[in-house]
Protein chains: 2
Amino acid sequence: MTIAKQVQLGKGPLADSAASALAPMFAALADPIRLRLFDLVRRAGVDGICSCDLTEPLDRSQPTISHHLKVLREAGLVESRRDGTWIWYSIAPRALDAVSQFIQR
Amino acid sequence: MTIAKQVQLGKGPLADSAASALAPMFAALADPIRLRLFDLVRRAGVDGICSCDLTEPLDRSQPTISHHLKVLREAGLVESRRDGTWIWYSIAPRALDAVSQFIQR
DNA sequence: ATGATACATCGATAGTTATCAATGTCGTGT
DNA sequence: ACACGACATTGATAACTATCGATGTATCAT
């Protein structure tokens, strides 16, 4: 079952399990650099954007950007695919569904 | 200018200032206990809910709940008003506007 | 094979956070 | 004034996080 469905479920209070699944998504967005990273990836649309084009505009070192992208990826918000030496990032399908469900709960 | 407006502004990438203003809101929701706290307060509607009714269902000590409520309050997500010895919490008007703006950006 | 480029991982550090016991503060009732 | 209940604050601790330099890994071009 998707986290979004868990969050939506029932009319009772938000379950502990749903809250525990939801919190990491908010945590992934609880950093200015990651918010801007997510925004940049989202603006790139279905094509995605190369990791190499994300380091410079955010004024952080390459390992730091790599770290933040990993956090976003592990939260299920973005996806990556390799193309030669490049790695392209794009928004995961239904990435913000769970967050959106909570907001509109 | 509201944070929501900053997030909405323009068609360029999310500005550093907007991201820095938005991140603390996500951070405030990046904890299971606070997500459930916010949910409980929201379910209470305009009347609000007494702090004393928030400690028990979340299985945390009174200082811990007090700490989390402070985080939510300082993030502008909830408001509190005193009524005798009780303190009533309610959802701040337009609490999630900025977050919502970002999601639908 | 060699070198170069893109990205990830490691190790270290400084800053932040979640938690609780103890204590403080404020309002109420007696 | 005094005791009590509701909540906040303090102090301490363990866990987590953002950051970067150094290093590792994978792919491509020559």
Whichever residue in the stretch A:43-78 is small (Gly, Ala, Ser) and more than 11 Å from chain B (Cβ to nearest Cβ) and, among such residues, is farthest from DNA strand D (Cβ to nearest atom): A:Gly45
Please go through the stretch A:1-56 and give me each residue that is under 17 Å from B:Ile103 (Cβ atoms), within 14 Å of the chain's Cα centre (by Cα) and in a loop (DSSP other than H, G, I, E, B), ordered by number. A:Leu29, A:Ala30, A:Asp31
Restricting to the stretch B:60-72, what's the tally of residues that are in contact (Cβ under 8 Å) with a residue 12 or more places away in the chain and either more than 10 Å from DNA strand C (Cβ to nearest atom) or outside any helix (DSSP H, G or I) (or both)? 3
Criterion first (closer than 30 Å to B:Gln8 by Cα and hydroxyl-bearing (Ser, Thr, Tyr)) does B:Ser100 satisfy it? yes
Is it the case that some residue within the stretch A:79-92 is in a loop (DSSP other than H, G, I, E, B), farther than 11 Å from A:Met25 by Cα, among the polar types (S, T, N, Q) and away from chain B (no Cβ under 14 Å)? yes
Quick check on the stretch A:1-42: of everything there that is within 21 Å of A:Glu79 (Cβ to Cβ) and more than 9 Å from chain B (Cβ to nearest Cβ), which residue is surrounded by the most Cβ atoms within 10 Å (Cβ to Cβ)? A:Leu37
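Here, each number is a calculation from the coordinates, and none is a lab measurement. Since the model is a prediction, treat every value here as computed from it, not as a measurement. Quick reminder, even Gly has a Cβ in these numbers, built from the backbone with ideal geometry, and neighbours come from all protein chains shown.
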